[in-house]
1. Kindly list the number of the only condition in (1) crowded, with 19+ Cβ neighbours inside 10 Å; (2) more than 14 Å from chain B (Cβ to nearest Cβ); (3) among the hydroxyl-bearing types (Ser, Thr, Tyr) that fails for residue A:85.
2. Could you grab me the full set of residues in the stretch D:25-68 that are within 11 Å of chain C (Cβ to nearest Cβ), within 17 Å of residue C:19 (Cβ to Cβ) and in contact (Cβ under 8 Å) with a residue 60 or more places away in the chain?
3. Could you check the stretch B:31-70 and list, in sequence order, the residues that are touching a helix residue (DSSP H, G or I) at 6+ places or on another chain (Cβ under 8 Å) and under 30 Å from residue A:87 (Cα atoms)?
4. For residues that are surrounded by 16 or more Cβ atoms within 10 Å (Cβ to Cβ), touching a residue at least 24 places away in the same chain (Cβ under 8 Å) and more than 16 Å from residue C:27 (Cβ to Cβ), tally how many sit in the stretch C:89-105.
5. What are the residues in the stretch A:69-82 that are aromatic (Phe, Trp, Tyr) and either more than 14 Å from chain D (Cβ to nearest Cβ) or closer than 28 Å to residue A:134 by Cα (or both), if any?
6. When the residues of the stretch C:69-82 are narrowed to those that are touching a residue at least 24 places away in the same chain (Cβ under 8 Å) and more than 17 Å from residue C:20 (Cα to Cα), which ends up surrounded by the fewest Cβ atoms within 10 Å (Cβ to Cβ)?
Protein chains: 4
Amino acid sequence: MITSELKIRVLYAHTDKMGVVYYGRYFEYYEAGRNEFLRRLGYPYSRIESQDIILPVIHAESNYFAPALYDDEIVLQTMLCDIPTVKIKIYYILKNSKGEKLAEGHTIHSFVNAITRKPMRPPSDFIEIVKSKMDSII
Amino acid sequence: MITSELKIRVLYAHTDKMGVVYYGRYFEYYEAGRNEFLRRLGYPYSRIESQDIILPVIHAESNYFAPALYDDEIVLQTMLCDIPTVKIKIYYILKNSKGEKLAEGHTIHSFVNAITRKPMRPPSDFIEIVKSKMDSII
Amino acid sequence: MITSELKIRVLYAHTDKMGVVYYGRYFEYYEAGRNEFLRRLGYPYSRIESQDIILPVIHAESNYFAPALYDDEIVLQTMLCDIPTVKIKIYYILKNSKGEKLAEGHTIHSFVNAITRKPMRPPSDFIEIVKSKMDSII
Amino acid sequence: MITSELKIRVLYAHTDKMGVVYYGRYFEYYEAGRNEFLRRLGYPYSRIESQDIILPVIHAESNYFAPALYDDEIVLQTMLCDIPTVKIKIYYILKNSKGEKLAEGHTIHSFVNAITRKPMRPPSDFIEIVKSKMDSII
């Protein structure tokens, strides 16, 4: 498993009239987590795109345990457990500043050729970096 | 099963630089679907809230099959298949204006007492309405 | 002046913890208003784009008078007062279902060649349609 | 003038199909800026709220000069120039990582009693802090 951590400040924009973060907003947090994960891995998403490869989401889900509250600095852990094939599965755990688990989720993405729109294998140097960083915190 | 349909115009605000609707935005579409579903059922969400009951999301997921495109008027089907208990599970199918399936998902909500924050059974008149409308398009 | 009207249902997604619509969300409402305005004018934005013309926003502003509330079906009036030159200015008035004014704003857009990124005059058939519909409700 | 700076990573969620940050999203950036501004001032917004005072936006505007691009780490300057009265006016300048100005805007907020909903003067200790930090970078 490779893990990275990102702190996120909860804004008014993220909350709804229940006084807590809106359930759909978590998927933006998850994007922020995987953006930072790939950057720290040394392979930012923009480098994937520069090879005419895109990573559309084909599945996304989240479980909600406790509300994320305004102005809290929440902590998002982003994790990769398996070597990607034509798909990559990324896990997320969100905790509040006291360490309580608020939500967890995962997304599955396809590696897709941006021009032909066909599924493809990930770049070999991406796989190498993933293998070299397995079992580390980045 | 009870089914309702809602048309949604895809705006610039919903799209991302891949030129298609952002994956997290579908969960706002799903909220629009269940808002309209409950209204047509004759039991709008505001009526639930007026009894100090809230319906926080405890699980949300979506599968993405094909991209939703700018300016298309997409069609969202919202469905209830089971009589709610302390939880309610709502299904969503999103199609483009040609009838092609773009995405499907579901959300699970708890009935929660807004004051004590404890899970509770749904109001009995809500269950009655659900039973009376089973197997209809609303 | 050309005026069009659009009804918008206020969702949880639009509100914040103050219990009212988040100030930034109004600019999505305004986009929904001008999207519909151009469609009813007979010149949808996608037709502008199909000529390799884009309309980036160069100025946006809004005044907020009273809060828009959850589940209300608010009414957005979108108005064009002046014949567009290299710029187009669009006005918005948002009222609640009781007719009380909640907000008003405007946006200014440039006509820009999508390839050269240079400012340009609007298509002549667009100007003709605007002139032919002046002083009408569309 | 009091100035603070915040770095923001541009995500897919912020962009639209034009490939740049959506015009309405800048107002979330501006909220992030003033949230951080108040925190660094030593008077976070949550401290204002804890005194049953809210700061609804009564005016917001933005000028857009150049597009903010995906994955760039943009820099948001948030500035207070005048001692607040019953209103507070906050300025924002957004630059890309090369220092080019992308946008500037401002918001005006009322100090409002959260219970009576009437306008009020800001807390005197807030004014004192503002005066003590004038002409500094926080």
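1. All conditions are met except number (1).
2. D:49, D:54
3. B:31, B:57, B:60, B:62, B:64, B:68, B:70
4. Result for the stretch C:89-105: 1.
5. none
6. Step by step, filter the stretch C:69-82, then rank; the result is C:81.
Just so you know, all these numbers are worked out from the coordinates, no wet-lab data involved. What you see is a predicted model, and the numbers here were worked out from it, not measured in a lab. In this analysis, Cβ positions are derived from the backbone assuming ideal geometry, glycine residues included, and neighbour counts consider all displayed protein chains.
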